[in-house]
Amino acid sequence: MLPSATPRLDEHVSVWSVAARDAKTFFRIVGVLWLAALGFAFYRKRDELPWSSGAGGLADQAWQDIGDSTFAVLADFGTVCIAITIVAMLLTRVVNKTGELLMSLYQFVVNRYVVPVIEAHKAEGRAEGRDQGLAEAQAKWQAWNERRLAAEREGREFTEPTPQG
């Protein structure tokens, strides 16, 4: 039987042992931790790096020293990568669940406090619209009636249709 084309939520990605739904978060955390640790490793070795010697320009020997220094930093950094991966695996689920919790809290606040205010403003607007429409209709009827009464007083025939039709 062939595997399903749609991954299930509990399927794991590769050797990272991270659920498919958490893979993006995992790789983002790994990337941030990796950059931070690499920056710290270079910071720790800063006095040994050839470009920090204050020579001004980099000679051919200095370029070779940069490569050697980089390999030295990466050699120290290699063992940290395993720790970074483990920490990222532990943090991934926590970060995703925290995000879900924050989104639920946000939706609760919106539903509890924002939506009622919006609905109140909508109701107020509808009430104002009804009042305005009623006033306009009354003004039309009143003007029509005044024209009708004026025609009666003058003894003319009044054939104007009513405002509603």
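Can you name every residue in the stretch 67-102 that is among the charged types (D, E, K, R) and either under 18 Å from Ala41 (Cβ atoms) or in contact with a Lys or Arg (Cβ under 8 Å, 6 or more places away or on another chain) (or both)?
Initially, the stretch 67-102 is screened for residues among the charged types (D, E, K, R), giving 68, 76, 93, 97, 100.
Within the stretch 67-102, Asp68, Asp76 qualify.
May I ask you to verify whether Ala88 is assigned to a helix (DSSP H, G or I), open to solvent by less than 60 Å² (accessible area, probe 1.4 Å), among the small types (Gly, Ala, Ser) and over 30 Å from Leu33 (Cβ atoms)?
For Ala88, the condition - assigned to a helix (DSSP H, G or I), open to solvent by less than 60 Å² (accessible area, probe 1.4 Å), among the small types (Gly, Ala, Ser) and over 30 Å from Leu33 (Cβ atoms) - is not met.
List every residue pair whose Cβ atoms lie under 9 Å apart, where the two residues are 6 or more positions apart in sequence or sit on different chains, the first residue falls within the stretch 86-106 and is over 10 Å from Asp22 (Cα atoms) and at pLDDT below 90, and the second residue, located anywhere, is open to solvent by less than 90 Å² (accessible area, probe 1.4 Å) and outside any helix (DSSP H, G or I).
Ala88/Val18
So which residues in the stretch 132-165 are surrounded by 11 or more Cβ atoms within 10 Å (Cβ to Cβ), in a loop (DSSP other than H, G, I, E, B) and not hydrophobic (A, V, I, L, M, F, W, C), if there are any at all?
Passing the criteria: only Pro163.
The values are calculated or read from the model by the stated rules, or taken from the named source; none is laboratory data. Remember, it's a predicted structure, so these values are computed and weren't measured experimentally. No Cβ is skipped: glycine too gets one built from the backbone with ideal geometry, and neighbour counts run over all protein chains shown. For accessibility, only protein heavy atoms count, side chains too; no ligands or nucleic acids. Shrake-Rupley method; radii C 1.70, N 1.55, O 1.52, S 1.80 Å.
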